[in-house]
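Each remark here refers to the structure printed beneath this line.
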Amino acid sequence: MSAKRARLDRFISQHCQIPRKQVRLILAKGRVSVDGQVVRDADCQIDQFSQVMLDGQALRQEQPIYLMLHKPVGVVSATKDDEHKTVMDLLPDYQDKGLHIVGRLDLNTSGLLLLTNDSRWSKRIMSPEHKVAKQYLVTLKAPLTQAYVKAFAEGFYFAFENITTQPAQLEILEPHLARVTLHEGRYHQIKRMFGRFRNQVMALHRLSVGNLILDETLAVGQYRPLTPQEVASIFG
Ligand code: URA
């Protein structure tokens with residue numbers, strides 16, 4: 001999902017119903033600011049979250065939304081599905097707000113799921129070069145050994161994508177329970193990694209994404225908006 005970008009003069013012209021020629025005069029007089037800075041350049045690119053002011057009056061733009069949801073098992077990480085309940089069904093107050101999911105979880109995975117309408121923010125989290133850490137609690141059918149720790153750190157070759165997975169950290173918390181930290185998000189990645197040991201994942205739960213930790217006061221299926229500090233923590 002891409003940010004809705006627009007030229008500043010076109011946006012003001014459409015918003016205020018004045019011709020673009022007149023908008024350029026208004027800009028030249030320094031009557032317009034974008035995110036607190038006076039802008040005279042008609043070509044300036046803005047997006048749906050830029051705060052545009054004309055003579056000190058805000059021209060309405062979309063409000064960014066950032067949510068954390070405690071995803072239950074059995075709910076699909078999608079906005080529409082013919083068979084299963086979707087995470088959007090859990091957010092009745094946020095229908096038609098243009099939300100998208102930041103890093104899907106499988107149907108039978110629970111835990112932290114982020115949703116936003118701000119594609120710049122979600123791209124920052126998802127882009128491979130930023131290697132944002134995601135932590136999972138994994139319950140396994142067979143007991144763990146130190147061989148897992150080594151193999152996860154070395155990476156696994158995935159023939160389908162023709163890649164070797166980035167070094168991942170595996171901590172053995174109990175014989176059948178591990179905390180795994182990934183810095184990427186391949187399809188069914190954790191299940192495929194344990195699959196190499198023919199060890200079945202019995203339960204998978206995401207604890208955190210970057211500095212964002214699932215709020216333990218959120219019951220399964222509940223959500224809350226992120227605080228401004230949490231939103232900014234992705235860039236920190
Ligand atoms: N790895 C998986 O296999 N499933 C998820 O939902 C997340 C990571």
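The values are calculated or read from the model by the stated rules, or taken from the named source; none is laboratory data. Computed from a prediction, not measured in an experiment: that's the story for all the values here. Neighbour counts run over all protein chains shown; Cβ positions are idealised from the backbone, glycine included. Protein only, heavy atoms only, side chains kept; ligands, DNA and RNA dropped before computing areas. Shrake-Rupley method; radii C 1.70, N 1.55, O 1.52, S 1.80 Å.
For the reader, a short list of remarks on this structure follows.
- Counted over segment 119-206 with a bin width of 10 Å, the fraction of Cα pairs per bin, in whole percents, is 17, 51, 26, 6, 0.
- Using a probe radius of 1.4 angstrom, the carbon and sulfur fraction of the accessible surface of segment 1-104 is 46%.
- Ligands, DNA and RNA aside, Tyr66 has an accessible area near 40 Å² when probed at 1.4 Å.
- The alpha-carbon atoms of segment 118-170 define a convex hull whose volume equals 128 cubic angstrom per residue.
- A 1.4 Å probe, protein heavy atoms only, puts the accessible area of Val231 near 20 Å².
- Distance in nm between pseudo-label sites at Arg224 and Gln45 (7 Å out along the Cβ direction from Cα): 3.7 nm
- Dividing the mean sequence gap of close Cα pairs (under 8 Å, 6+ apart) by how many residues the chain holds gives a relative contact order of 19 percent.
- Rg and Dmax of the chain, Cα atoms only, in Å: 22.3, 72
- Once the C-beta distance of Glu216 and Gln14 is scaled by a Förster radius of 35 Å, the resulting FRET efficiency is 0.15 to the nearest 0.05.
- Mean ellipticity per residue at 222 nm, deg cm²/dmol - from DSSP H runs of n ≥ 4 across the chain, formula -39500 (n - 2.57): -5500 deg cm²/dmol
- Note on the chain: GNM, Cα springs under 10 Å; of Gln169, Gln22, Gln222, the largest mean-square fluctuation is that of Gln22.
- Accessible surface comparison of Asp9, Asp43, probe 1.4 Å, protein chains only, largest first: the order is Asp43, Asp9.
- A Stokes-Einstein calculation at 37 °C with viscosity 0.692 mPa s, built on the Kirkwood radius of segment 6-60 over Cα pairs, returns a diffusion coefficient of 307 µm²/s.
- Relative pair counts by distance (%), Cα atoms of segment 28-141, 5 Å bins: 2, 10, 16, 16, 14, 12, 10, 8, 6, 4, 2, 1, 0, 0
- Counted charge near Arg20, where neighbours are those whose Cβ lies closer than 11 Å (Asp, Glu -1; Lys, Arg +1): +3
- Under the Karplus curve 6.51 cos²θ - 1.76 cosθ + 1.60, θ = phi - 60°, whole-Hz ³J(HN,Hα) for segment 79-93, x wherever Gly or Pro sits: 8, 9, 7, 6, 9, 10, 5, 10, 4, 5, 5, 8, 10, x, 7
- The label-point distance for Gln95 and Leu137, in a model that sets each label 7 Å from Cα toward Cβ, rounds to 3.4 nm.
- Candidates Arg179, Arg192, Arg40, ranked by Gaussian network fluctuation over the chain, Cα under 10 Å, top entry: Arg40
- With at most 13 neighbouring Cβ atoms within 10 Å, loop GluC sites (Glu not before Pro) (DSSP) excluded, longest segment of the chain: 1-82
- Think of a 1.4 Å ball rolled over the protein heavy atoms: segment 6-60 then has 60 Å² of accessible area per residue.
- Of all the options Pro72, Pro175, Pro225, the one that moves most in a Gaussian network model of the chain with Cα springs shorter than 10 angstrom is Pro175.
- On the basis of the beta-carbon distance and an R0 of 30 Å, Asp106 and Gln63 show a calculated FRET efficiency of 0.45.
- In order along segment 97-109, the phi-based Karplus estimate (6.51 cos²θ - 1.76 cosθ + 1.60, θ = phi - 60°) of 3J(HN,Hα) comes to 9, x, 6, 10, 8, 9, x, 5, 10, 5, 3, 9, 9 Hz; Gly and Pro are listed as x.
- Surface exposure of segment 66-233, expressed per residue as accessible area with a 1.4 Å probe, stands at 53 Å².
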